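Below: the structure, in structure tokens.
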There are 4 protein chains.
Amino acid sequence: MTIGAELDGAIAARVRDSFARQGLMAHLGVSIAELGAGRVTLRMPFRPELTQQHGYFHAGGTSAIADSAGGYAGLTMFGPADEVLTVEFKLNLINPAQGDCLEATGRVIKPGRTLTVCQLDVWGVTGATRRHVATGMQTLIRIPGTGTEGA
Amino acid sequence: MTIGAELDGAIAARVRDSFARQGLMAHLGVSIAELGAGRVTLRMPFRPELTQQHGYFHAGGTSAIADSAGGYAGLTMFGPADEVLTVEFKLNLINPAQGDCLEATGRVIKPGRTLTVCQLDVWGVTGATRRHVATGMQTLIRIPGTGTEGA
Amino acid sequence: MTIGAELDGAIAARVRDSFARQGLMAHLGVSIAELGAGRVTLRMPFRPELTQQHGYFHAGGTSAIADSAGGYAGLTMFGPADEVLTVEFKLNLINPAQGDCLEATGRVIKPGRTLTVCQLDVWGVTGATRRHVATGMQTLIRIPGTGTEGA
Amino acid sequence: MTIGAELDGAIAARVRDSFARQGLMAHLGVSIAELGAGRVTLRMPFRPELTQQHGYFHAGGTSAIADSAGGYAGLTMFGPADEVLTVEFKLNLINPAQGDCLEATGRVIKPGRTLTVCQLDVWGVTGATRRHVATGMQTLIRIPGTGTEGA
């Protein structure tokens with residue numbers, strides 16, 4: 001499977017359905033910006049409810065969308081009944097998290113039967129300007145489905 | 001300074017004031033549970049607005065309170081006008097994040113003039129039962145104040 | 001199993017045997033200092049062949065013994081035919097790596113059927129003085145044995 | 001400065017000189033394969049002295065060359081008297097570390113006055129075949145020189 005290739009409709013529907021069940025994503029105002037095979041981008045518009053003490057986006061929000069983007073990037077490559085869990089992630093916060101919105105992209109670097117590794121990147125977007133605000137890495141584990149639950 | 005020792009009142013007030021300005025902490029319903037020198041615990045009660053797709057706490061919330069707990073643990077050891085930024089953090093999610101609330105403790109392992117390293121731990125708490133749900137490590141940078149701003 | 005408890009003789013022999021097959025450990029002059037259930041300490045005496053450009057221990061040696069200590073700490077908790085692989089590790093280098101020797105301790109924080117998480121710590125030891133030079137975290141994966149190979 | 005651009009001769013000489021003083025690099029048989037602005041590749045041919053228990057390259061060697069490659073990538077972007085230290089790094093080991101040699105590339109993602117972040121990648125190389133064996137991230141700190149020591 002080519003990373004970034006167009007997603008099968010059933011897989012895309014499954015990701016959108018799972019995303020819609022994440023209470024935190026709705027609470028933070030996050031939406032899916034792009035869905036591709038092994039690559040997912042989430043978008044979170046700025047709101048005062050998302051800030052740290054200096055009025056920028058809080059690193060907790062940055063990491064929430066980075067983690068979700070990576071998890072769904074992995075999920076696009078799994079079987080129809082499989083689930084995904086984050087094993088661990090690491091994030092370097094390299095620029096102030098400012099902008100009209102943040103966009104987080106998770107991209108599968110190494111798919112695997114048990115473990116999958118993703119690159120995580122977050123940008124602060126203001127109009128046509130994009131600034132790289134965080135970069136990281138994530139390890140996911142595939143939880144095999146029963147084979148019927150996805151039917 | 002002994003890690004966990006009682007905090008000077010002015011420093012405690014400064015941490016509480018900064019915490020109160022973090023829009024995300026209020027939006028997630030987080031409060032300060034314990035403030036000590038180089039050790040801070042935050043508490044986040046369960047709400048459906050904090051969940052991932054299976055109804056547990058979302059890792060984004062887990063990492064938000066872990067990151068804030070560590071940042072404030074570091075801040076307690078800085079000068080009165082200094083600020084703190086997270087350079088990077090890494091979190092291993094070791095058990096399902098379930099419970100009446102999550103409690104995140106940041107604890108300074110290595111204070112430094114420029115960089116400070118914290119241990120991060122998060123527990124799921126249900127009544128008297130505490131389960132270790134995440135453990136991690138964080139690097140903070142001290143942003144020296146002007147010497148007047150804290151006065 | 002209690003972390004640090006005395007190891008069964010057969011498991012200890014298995015760890016020593018595996019360690020003896022690691023060409024790099026011999027090449028770096030590393031020996032086993034302590035073997036317990038879920039806790040292993042390795043020791044690496046100072047030699048000019050282990051230095052970075054300022055004459056301290058090179059971080060590569062520090063991470064080599066930290067990684068091996070953690071891997072063997074995990075292996076002590078697996079079945080007799082299982083193998084262990086490092087999934088990932090992260091190390092913060094918190095003080096100059098100086099001393100007559102370095103000692104690295106890997107300690108299991110979260111044992112698991114598939115994944116095991118270890119805390120990694122490295123000290124610079126000079127006589128009775130121990131200085132904490134690195135701290136980190138490691139994720140291991142158990143590779144199940146055939147059930148006969150350990151017989 | 002463009003990442004990967006040709007290096008000024010004086011900076012290249014400084015990196016080679018520092019590298020030559022790293023006892024561990026000689027002991028592991030590592031050489032500099034490529035030097036560019038903000039991008040350095042090191043090469044380590046296979047030897048039994050570099051193995052783990054299954055005869056592959058030990059993760060300690062993998063991380064030693066990854067760390068050095070990143071450190072020197074950062075150093076190429078600093079002033080002539082500055083020094084570099086690794087603050088922390090994280091490495092995911094994504095395929096067995098096999099091959100005639102390992103090649104590690106460190107590439108600056110975010111240069112900074114105090115902190116610099118590098119991407120780390122390691123390949124196992126056998127003839128014309130390259131396999132990605134590790135990927136990671138590293139935080140470096142610039143230690144400002146006195147301004148005379150590099151003269």
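The values are calculated or read from the model by the stated rules, or taken from the named source; none is laboratory data. Quantities reported herein were computed from a predicted structural model and do not represent experimental measurements. No Cβ is skipped: glycine too gets one built from the backbone with ideal geometry, and neighbour counts run over all protein chains shown. Accessible surface areas use protein heavy atoms only, side chains included; no ligands, DNA or RNA. Shrake-Rupley method; radii C 1.70, N 1.55, O 1.52, S 1.80 Å.
Here are some notes:
- Summary for residue C:2: label point 7 Å along Cα→Cβ; distances to the equivalent points in the other copies, ascending, 2.7, 6.0, 6.4 nm.
- When the Cα positions of C:13, C:36, C:84 are compared along the charge dipole of the stretch C:9-143, C:36 comes out farthest toward the positive end, with charges on each C-beta of Lys, Arg, Asp and Glu.
- Per-residue ³J(HN,Hα) for the stretch D:136-144, Karplus 6.51 cos²θ - 1.76 cosθ + 1.60, θ = phi - 60°, Hz, x for Gly and Pro: x, 9, 9, 10, 10, 10, 7, 9, x
- Net charge contributed by nearby residues that have their C-beta within less than 10 Å of residue B:121 (K/R +1, D/E -1): 0
- Other residues with beta-carbon under 14 Å from the beta-carbon of residue A:77 carry, at +1 per Lys or Arg and -1 per Asp or Glu, a net charge of +2.
- Computed magnitude of the charge dipole of the stretch D:9-143 (debye, nearest 20; Cβ of K, R +1, Cβ of D, E -1): 240 debye
- Dipole size of the stretch D:14-92 about its Cα centre, with +1 on Lys/Arg Cβ and -1 on Asp/Glu Cβ: approximately 180 debye, rounded to the nearest 20.
- When nucleic acids and ligands are ignored and a 1.4 Å probe is applied, residue A:78 ends up with an accessible area of around 20 Å².
- Spin-label model distance (nm) - residue D:81 vs residue D:12, 7 Å beyond Cα toward Cβ: 2.6 nm
- Amide H to amide H distances under 5 Å link residue A:92 with A:135, A:136, where only residues 5 or more positions off or on other chains count and H is placed in the peptide plane.
- Rounded, prolate or oblate (a/c below 1.5 giving rounded, otherwise prolate when a/b exceeds b/c) for the stretch B:9-143 by Cα gyration tensor: prolate
- Under 19 Å from residue D:110, Cα to Cα: aspartates and glutamates that are on another chain or at least 8 residues apart: A:103, A:121, B:88, D:6, D:67, D:82, D:83, D:88, D:121
- For chain B, the longest principal axis of the alpha carbon atoms and the long axis of helix B:59-75 meet at an angle near 20°.
- List C:6, B:88, ordered by accessible area with a 1.4 Å probe, largest first: C:6, B:88
- Using a probe of 1.4 Å on the protein chains alone, the accessible area found for residue B:110 is around 50 Å².
- Once the C-beta distance of residue B:131 and residue D:128 is scaled by a Förster radius of 45 Å, the resulting FRET efficiency is 0.35 to the nearest 0.05.
- Per residue, chain B reaches -7000 deg cm²/dmol at 222 nm when only DSSP H runs of four or more residues are counted, each adding -39500 (n - 2.57).
- The solvent-accessible area of residue A:108, taken with every protein chain present and a 1.4 Å probe, is close to 10 Å².
- Only Lys, Arg, Asp and Glu carry charge here, each on its Cβ (+1 for the first two, -1 for the last two); on that basis the protein assembly as shown has a dipole of about 0 debye about its Cα centre.
- Computed 3J(HN,Hα) for the stretch D:7-16, one whole-Hz value per residue from the Karplus formula 6.51 cos²θ - 1.76 cosθ + 1.60 where θ = phi - 60°, is 8, 3, x, 5, 5, 4, 5, 5, 5, 4, glycine and proline marked x.
- With θ taken as phi - 60° and the Karplus curve 6.51 cos²θ - 1.76 cosθ + 1.60 applied, the whole-hertz 3J(HN,Hα) list for the stretch B:105-116 is 10, x, 9, 5, 9, 9, x, x, 5, 9, 10, 10 Hz, x standing for glycine and proline.
- Modelled spin labels at residue C:31 and residue A:100, positioned 7 Å past Cα toward Cβ, are 6.7 nm from each other.
- Sum of side-chain charges, residue C:95 neighbourhood, beta-carbon under 15 Å (Lys, Arg +1; Asp, Glu -1): +1
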